[in-house]
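This report concerns only the one structure given below.
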Amino acid sequence: MTLSSDNPTRNGTILVVDDEPDILVALEDLFENDYRVLSTTSPLKALDIIEHEPDIAIIISDQRMPEMPGDEFLARARHRSDAEAILLTGYADLKAVIGAVNKGRIMAYVPKPWDPAALSSMVASAYERRLLARELETERALLRGLMESTGDQISFKDLEGRFVRLNTSKAKSLDLPPEACVGRKESELASPEQAQSAEEAERKAIVARQPSERTEERHGPDGTSQWFLVNHIPILNEAGSVTNVATIERDITERKVMELRLRQADKMQALGTLAGGVAHDFNNLLMAVLGSLDLASRRAPDDPRLTRLLQNATYAAERGASLTQRLLSFSRQRDLRLQTVDVNQVICGMNDLLTRTLGGVIRIERDLAEHLWMAMVDPDQLELAVLNLCINARDAMAENGVLTLSTRNETVEEGRVTDLGRGDYVVISVADTGAGMPPEILSRVLEPFFTTKEVGKGTGLGLSMVYGLAQQSGGTVAITSTVGVGTTVELYLSRAAVDRSRADQEETSDLAPMAKVRILLVDDDAEVRSVTAAYLGEMGHRVVEAADGASALDILKTDSQLDLLIADFAMPGMTGLDLADRARKLQPGLGILLVTGYADPERVPGTYPVLHKPFNRSELGAKVTEAIRRTESADLG
């Protein structure tokens, strides 16, 4: 092999093969200024050169050579290189030319002796053709790689709607290989609705000569919904006319489901904000109703019928208060407040809520253990967890299903229950007679946002919330399920270390009646203030009333005989918290008790005791005692 020049060349590499050295020299002289020239007198050596020089652009070969004819050499070279081929011959051998065209796919045939200018022009054309072929192949490879490496469904159609090209992902959606789709219309392969939708969108893109984008909802054979972001892109030629339409279909189901769930979460947050906004006024109304009923019942004549009516009204108002507090606890975002809880009492207290929430299509059975241990858990979050489990159980059952709520004490050995250490636990079990779950679903049910319910009918956060509550309470969740039989979810809660009855006795002892005190009562709601003042008066306390924070400050500046300030948390102009802080500056030894129908716990400092509306006489008395005792303890310290 000879290399004609070591100097950098402007163009690519040419391989010249001829058994006559003089002709090789002539060809080298002709092309060495413009190309890198490799030459050899042996076709066999030329094949070896091709193996080691993959970037050869053009092969110029003589036809008649002792080792191998040119047409056979070019045919063998074609298997190793995509270089352009030019055949030289000194004989007008038509058969050889035809063989070279068929076997070696030559682009030109040049008789000897050649015209240098014509041969140079032919080589330049071959080189340009080679560059264009390389560019085209690069574009094809890039397009092929792009189309097959993405999960998007990509297709190209002509103006009649026939597939010109499509990737495997698009063909798979049509249940066919790509080659079976080419030349056919989508209406022949897809559902009528999808095909009609595609044709309309393609027509609009062609008419507008601009890309269009829209979101489509499609339904699978099993009825499940899928969402696709579909782009139709008209392909324009140099004259600006549309020649083809490209379509890119991206599956955005997961994103769409997340958006819907986040929207639902936003609604729940808005509902919580709304609940907080109206709760103060609603609880003030309930406070006035309950307080007035309580006062009236103790002052009314001994009339059994009147007493029964008052009791019915009181019971109804108490249920309204309970429901308000439950809704607030569900919507309020706060850290868990672990405390000693009677689980059976919590479940029994949810009777009305469960009956109204679950409806009358299923039967609720209870099997609550006697002598159940106390659990360490947040009672509000426990209610929400039990409600979530019961709703899931209801949704898994058809009409006439049976939901069983049960409790038990259990001592767990190390390693017997996953994620649970050795110890004593209170177990809440929610069992249904529903469809059950296969193992692949059961293994994922605790994942956040995982749900088998239809979009909009579940957030996928219920079980994960229950699991999070159990984990933070030192317990766990265990789930067993059998397809066609039902599912049982068991919530393990740590046993409380302190016996509840003893703790209650100590609390009752601590809040024994005290000496009568002088109290400044501040509330902008006249009815609530009147009921509260009546309660305090019945207890023997002396009460000074104020309708707002400014009036209360005026009293504090002139009256130094006050022992306790009871202030509503939410008042116009000055909140109860602001009033308490300013009152402490005026009278450092003053006791403080804040009263609220609804307040974010994070806004209320732990230094002030808080009483939630609606409250009864005994609850008010206990909090008054607590506030005075806390102040006395601080003074002694």
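The values are calculated or read from the model by the stated rules, or taken from the named source; none is laboratory data. A quick note: this is a predicted structure, and the numbers were derived from the prediction, not measured. Cβ: placed from backbone, ideal geometry, glycine included. Neighbour counts: every protein chain shown.
Can you give me the number of residues within the range 535-569 that are surrounded by 16 or more Cβ atoms within 10 Å (Cβ to Cβ) and touching a residue at least 40 places away in the same chain (Cβ under 8 Å)?
Counting residues in the range 535-569 that are surrounded by 16 or more Cβ atoms within 10 Å (Cβ to Cβ) and touching a residue at least 40 places away in the same chain (Cβ under 8 Å) gives 12.
I'm checking my understanding of the structure. Among residues of the range 361-384 that are among the hydrophobic types (A, V, I, L, M, F, W, C) and within 27 Å of Asn400 (Cα to Cα), which one is surrounded by the fewest Cβ atoms within 10 Å (Cβ to Cβ)?
Val361
Those residues that are β-branched (Val, Ile, Thr) and touching a residue at least 60 places away in the same chain (Cβ under 8 Å), I need them from the range 150-173; list them, please.
Ile154, Val164
If you check Leu354, Leu384, Leu368, Leu372, which single one turns out to be in contact with a strand residue (DSSP E or B) (Cβ under 7 Å, 6 or more places away or on another chain), farther than 21 Å from Glu410 by Cβ and hydrophobic (A, V, I, L, M, F, W, C)? Give the derivation first.
Working: Leu384 fails: in contact with a strand residue (DSSP E or B) (Cβ under 7 Å, 6 or more places away or on another chain); Leu368 fails: farther than 21 Å from Glu410 by Cβ; Leu372 fails: farther than 21 Å from Glu410 by Cβ.
So the residue among Leu354, Leu384, Leu368, Leu372 that is in contact with a strand residue (DSSP E or B) (Cβ under 7 Å, 6 or more places away or on another chain), farther than 21 Å from Glu410 by Cβ and hydrophobic (A, V, I, L, M, F, W, C) is Leu354.
Report the residue count in the range 385-434 for those that are buried (at least 19 other Cβ atoms within 10 Å of the Cβ), modelled with pLDDT of 90 or more and of a type in the set (A, V, I, L, M, F, W, C).
Number satisfying all stated conditions: 7.
Could you look through the range 603-621, keep only residues that are crowded, with 17+ Cβ neighbours inside 10 Å and in a helix (DSSP H, G or I), and pick out the one that is modelled with the lowest pLDDT?
Arg617
How many residues, within the range 406-426, are touching a residue at least 40 places away in the same chain (Cβ under 8 Å) and more than 31 Å from the chain's Cα centre (by Cα)?
Qualifying residue count, the range 406-426: 9.
Take the conditions outside the structural domain of Arg203 (by TED's automatic domain parsing), among the polar types (S, T, N, Q) and in contact (Cβ under 8 Å) with a residue 60 or more places away in the chain and apply them to Ser120. Does it pass?
Considered against the rule, which asks whether it is outside the structural domain of Arg203 (by TED's automatic domain parsing), among the polar types (S, T, N, Q) and in contact (Cβ under 8 Å) with a residue 60 or more places away in the chain, Ser120 comes out as yes.
Per-residue answers, yes or no, for (1) of a type outside the set (Asp, Glu); (2) at pLDDT 75 or above; (3) assigned to a helix (DSSP H, G or I); (4) over 25 Å from Ser473 (Cα atoms):
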| position | (1), (2), (3), (4) |
| --- | --- |
| Glu318 | no, no, yes, yes |
| Ser322 | yes, no, yes, no |
| Arg326 | yes, no, yes, no |
| Arg334 | yes, no, no, no |
| Gln345 | yes, yes, yes, no |
| Asp352 | no, yes, yes, yes |
| Thr357 | yes, yes, yes, yes |
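Taking Ala180, is it without any contact (Cβ under 8 Å) to a residue 40 or more places away in the chain and not assigned by TED's automatic domain parsing to the domain that holds Arg140?
Spelling it out, Ala180 is indeed without any contact (Cβ under 8 Å) to a residue 40 or more places away in the chain and not assigned by TED's automatic domain parsing to the domain that holds Arg140.
Could we say that Ile566 is at pLDDT 90 or above and either among the β-branched types (Val, Ile, Thr) or not assigned by TED's automatic domain parsing to the domain that holds Ala515 (or both) here? Please lay out each step first, then the result.
Details: at pLDDT 90 or above: yes; either among the β-branched types (Val, Ile, Thr) or not assigned by TED's automatic domain parsing to the domain that holds Ala515 (or both): yes.
So Ile566 fits the description; yes.
Assuming Thr476 fulfils every condition listed in (1) surrounded by fewer than 21 Cβ atoms within 10 Å (Cβ to Cβ); (2) over 30 Å from Asp578 (Cβ atoms); (3) at pLDDT 90 or above apart from one, which condition is it?
It is condition (3) that Thr476 fails.
Inside the range 163-206, can you point out the residues that are touching a Pro at 6+ places or on another chain (Cβ under 9 Å), in a helix (DSSP H, G or I) and within 18 Å of Leu236 (Cα to Cα)?
Of everything in the range 163-206, those that are touching a Pro at 6+ places or on another chain (Cβ under 9 Å), in a helix (DSSP H, G or I) and within 18 Å of Leu236 (Cα to Cα) turn out to be Glu202, Ala205, Ile206.
In the range 116-154, what residues are surrounded by 12 or more Cβ atoms within 10 Å (Cβ to Cβ) and of a type in the set (A, V, I, L, M, F, W, C)?
Within the range 116-154, Leu119, Met122, Val123, Ala124, Ala126, Leu131, Ala133, Leu143, Leu146, Met147, Ile154 qualify.
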